[in-house]
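The values are calculated or read from the model by the stated rules, or taken from the named source; none is laboratory data. Model, not experiment: these values are computed from the prediction. Every residue, glycine among them, receives a Cβ derived from its backbone with ideal geometry; neighbour counts consider all protein chains shown. Remember, those area values only see protein heavy atoms, side chains included, never the ligands or the DNA or RNA. Shrake-Rupley method; radii C 1.70, N 1.55, O 1.52, S 1.80 Å.
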Amino acid sequence: MTTVHDAPTHAATATGAPTHAVAPAHAATATGAPATATATPAVDDATLALLAERAREARRLVVDMAASPRGCHLGGSLSVLDILIAVLHRAARGDGTEVVLSKGHAAAGLYAALHVSGVLPENPAPLYGLAGHPYTGHPGPKVPGVRFPTGSLGHGVPYAAGWALARRLDHQGGLGIAVAGDGELQEGLVWETVQVAAAQRLGNFVLVVDRNGGQNDGLVADISPLPRLAERFDAFGFDTVTVDGHDLAALTEVFAGDRAGTDRPLAVLADTVKGKGVRAVEGKAASHYVTIDAARAAQWKRAIR
């Protein structure tokens, strides 16, 4: 389910970062609706089942990458996976939509999502971190489906905004979608881009926040809290939507529109769980970067449902 905050109304409930990484609620009350969120056709059951299976398989691939000699950023890759499956499904429409993973350290999740979505032909898991292959700890343009290199936090957000602006200047459709982390919002470049996107009236720019409540050094709420986050985006001139970041039906509905009827950018605050899908690490700060052996990987993969 989603909670929609139709800016500039400020009566909506504040949606700051959670104080700990817990599973988001599946029931929320709508408090308005941006122009592009109306009359969106529901995704059919067969498509939802396909996307859910892709998400499960992608999680297994991420666990395989955690079992590589170098390990991987497991927690953030698992938290963002359902978002990536949904936005790549949106991009598959072929209308010029570009997806940029700004939280580039979740590269394992991106590689897995690209593979199960049919964008990346070869299985990246056995090749992850190996010399001579492009599947490094941060994504680059040598990987099919990756146009912009990311890693230094904050930089993918302006890439996506620039893409959105370029599409508009060329009188072309499609969205520029940036997928960022909530800890990444501590980067000033994010807010500079938010200001420019609103000033340029980039209704085709979408900023998705993977709000898992964690970052490298601990909890976002302990390090640099983000209270009233939806209202912050409202104040900049964004439409804002709060969504369960693991609800594929809700996610695909949010991304379904082409946003042609609005000049307000969209912020999607996706409440997620770090390490989602692997109960041994769900909600744990220690899942940020993980290296495991093959036996543990096999155990974790069997438990993914």
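Annotations
- Meets criteria (surrounded by 24 or more Cβ atoms within 10 Å (Cβ to Cβ), of a type outside the set (Gly, Ala, Ser), modelled with pLDDT of 95 or more and in contact with a Ser or Thr (Cβ under 6 Å, 6 or more places away or on another chain)) for VAL62: yes
- Exclusive hit being farther than 26 Å from HIS155 by Cβ and under 16 Å from the mean Cα position of the chain (by Cα), set ASP293, ASP271, ASP210, ASP244: ASP244
- Number of positions in region 139-180 that are in contact with a Ser or Thr (Cβ under 8 Å, 6 or more places away or on another chain), assigned to a helix (DSSP H, G or I) and free of Cβ contacts under 8 Å to residues at least 40 places away in the same chain: 1
- Taking region 221-237 as the range and being crowded, with 24+ Cβ neighbours inside 10 Å and not small (Gly, Ala, Ser) as the test, only PHE233 passes.
- Scanning region 77-99 for residues that are on the phi > 0 side of the Ramachandran plot and touching a residue at least 12 places away in the same chain (Cβ under 8 Å) gives a single hit, GLY96.
- Failed condition for ALA199, given (1) among the small types (Gly, Ala, Ser); (2) out of contact with any strand residue (DSSP E or B) (no Cβ under 6 Å at 6 or more places or on another chain); (3) crowded, with 22+ Cβ neighbours inside 10 Å: (3)
Each row is one residue, and each column tells you yes or no for (1) farther than 17 Å from PHE238 by Cβ; (2) among the charged types (D, E, K, R); (3) part of a loop (DSSP other than H, G, I, E, B).
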residue: GLY261; (1), (2), (3): no, no, yes
residue: ARG264; (1), (2), (3): no, yes, yes
residue: ALA267; (1), (2), (3): no, no, no
residue: ALA270; (1), (2), (3): no, no, no
residue: VAL273; (1), (2), (3): yes, no, yes
residue: ILE292; (1), (2), (3): yes, no, yes
residue: ALA295; (1), (2), (3): yes, no, no
residue: ARG302; (1), (2), (3): yes, yes, no
residue: ARG305; (1), (2), (3): yes, yes, yes
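- Candidates GLY145, GLY174, GLY181, GLY140, filtered to the one that is under 16 Å from the mean Cα position of the chain (by Cα), small (Gly, Ala, Ser), modelled with pLDDT of 95 or more and open to solvent by less than 30 Å² (accessible area, probe 1.4 Å): GLY181
- Inside region 100-138, residues that are touching a residue at least 60 places away in the same chain (Cβ under 8 Å) and part of a helix (DSSP H, G or I) make up a count of 4.
- Top-ranked residue in region 202-220 [being open to solvent by 10 Å² or more (accessible area, probe 1.4 Å) and in a loop (DSSP other than H, G, I, E, B); ranked as modelled with the highest pLDDT]: ASN204
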